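For reference, the structure discussed in these notes is given below.
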């Protein structure tokens with residue numbers, strides 16, 4: 001479902017957690033940056049493609065699905081619309097100038113790594129931020145470290161592991177934002193969408209934190225409604241960002257959903273920024289999200305047999 005300029009995603013498969021803080025360049029990257037080609041990784045293969053429209057841009061495909069875009073010259077350039085929406089939402093909650101002025105160090109957790117496009121953006125916008133990217137595929141994490149100009153630990157740590165297993169081990173109140181961008185095919189693996197997992201994410205968030213998900217769906221919007229219902233059950237305040245065609249169920253695509261324990265407020269600058277993109281997006285407030293999710297079931301973990 002990932003489409004350039006529209007949406008993206010990553011896969012999730014097995015447990016375990018290992019840090020890749022400053023891994024050496026992976027074989028095939030030459031330690032001198034990216035080289036076009038297909039590379040075997042732990043979960044299949046990935047393909048690195050030079051961006052024909054941008055001399056410093058690179059596209060990453062994983063198992064045939066477009067996953068990420070990186071501009072080596074400009075970490076603040078995000079080619080995928082949904083990533084721009086997430087970045088705008090984070091900057092609306094924590095304006096970079098305010099964070100720099102008060103000495104705050106944002107603490108972020110990214111579930112799903114890919115090329116670390118968003119983590120790289122946040123590192124550039126908030127130079128003192130501390131981020132962890134959880135990536136299931138250890139070989140991919142090595143390649144990404146070798147190909148792209150990623151900040152080193154402790155500013156940015158790549159942790160190899162399954163997203164839910166890692167989240168469940170984290171200390172409460174230790175992250176300002178959590179971004180769930182994990183895909184297996186067109187949808188996020190169910191264990192990362194349930195009320196039980198969402199409760200773990202909320203536990204890890206500090207007061208005032210943001211839980212943000214990239215929710216992919218078909219025109220029937222069944223998956224999006226269930227995602228929204230599950231997030232709305234866990235958080236007092238919610239919102240959805242998407243383009244009008246997606247909100248009306250006219251195409252396959254992605255919605256950005258968020259939950260928080262404090263109101264999102266009415267930020268006209270955020271609304272203008274979202275409308276000004278190549279794919280103009282609208283914001284649904286908490287009341288609209290709850291109306292959208294009203295008849296959808298809340299997802300739960302399967303009941304284990306005694």
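Among residues that are under 21 Å from residue 135 (Cα atoms), surrounded by fewer than 17 Cβ atoms within 10 Å (Cβ to Cβ) and touching a strand residue (DSSP E or B) at 6+ places or on another chain (Cβ under 7 Å), residue 79 is not included. Scanning the range 201-254 for residues that are closer than 18 Å to residue 93 by Cα and out of contact with any strand residue (DSSP E or B) (no Cβ under 6 Å at 6 or more places or on another chain) returns 202, 207, 208, 236.
Here residue 213 qualifies as within 16 Å of residue 167 (Cβ to Cβ) and crowded, with 23+ Cβ neighbours inside 10 Å. Considering only the range 282-305, I want to know if a residue exists there that is touching a strand residue (DSSP E or B) at 6+ places or on another chain (Cβ under 9 Å), crowded, with 18+ Cβ neighbours inside 10 Å, within 16 Å of residue 80 (Cβ to Cβ) and modelled with pLDDT of 95 or more. Checking the range 282-305: not a single residue is touching a strand residue (DSSP E or B) at 6+ places or on another chain (Cβ under 9 Å), crowded, with 18+ Cβ neighbours inside 10 Å, within 16 Å of residue 80 (Cβ to Cβ) and modelled with pLDDT of 95 or more.
Evaluate the range 113-124: report whether one residue or more is over 16 Å from the mean Cα position of the chain (by Cα) and under 25 Å from residue 69 (Cβ atoms).
The initial filter retains those residues of the range 113-124 that are over 16 Å from the mean Cα position of the chain (by Cα), namely 124.
When the remaining residues are screened for being under 25 Å from residue 69 (Cβ atoms), the result is 124.
Looking through the range 113-124, at least one residue is over 16 Å from the mean Cα position of the chain (by Cα) and under 25 Å from residue 69 (Cβ atoms).
Tell me, please, whether a residue that is surrounded by 20 or more Cβ atoms within 10 Å (Cβ to Cβ), at pLDDT 95 or above, at negative phi and assigned to a helix (DSSP H, G or I) can be found in the range 180-196. Checked the range 180-196: at least one residue is surrounded by 20 or more Cβ atoms within 10 Å (Cβ to Cβ), at pLDDT 95 or above, at negative phi and assigned to a helix (DSSP H, G or I). Scan the range 125-157 for residues that are under 28 Å from residue 101 (Cα atoms) and within 14 Å of the chain's Cα centre (by Cα) and the total you get is 3. When residue 65 is tested against the conditions (1) farther than 30 Å from residue 268 by Cβ; (2) surrounded by 14 or more Cβ atoms within 10 Å (Cβ to Cβ); (3) modelled with pLDDT of 95 or more, the lone failure is (3).
May I ask you to verify whether residue 278 is over 26 Å from residue 171 (Cα atoms) and buried (at least 23 other Cβ atoms within 10 Å of the Cβ)? Spelling it out, it is not the case that residue 278 is over 26 Å from residue 171 (Cα atoms) and buried (at least 23 other Cβ atoms within 10 Å of the Cβ). Filtered by the rule that a residue be touching a strand residue (DSSP E or B) at 6+ places or on another chain (Cβ under 8 Å), crowded, with 17+ Cβ neighbours inside 10 Å, on the phi < 0 side of the Ramachandran plot and assigned to a loop (DSSP other than H, G, I, E, B), the range 97-150 gives 106, 113, 115, 129, 136, 137, 148, 150.
The values are calculated or read from the model by the stated rules, or taken from the named source; none is laboratory data. Predicted model, so just to flag it, every value in this text is computed and none were measured. FYI the Cβ positions are ideal-geometry reconstructions off the backbone, even for glycines, and counts take in every protein chain you see.
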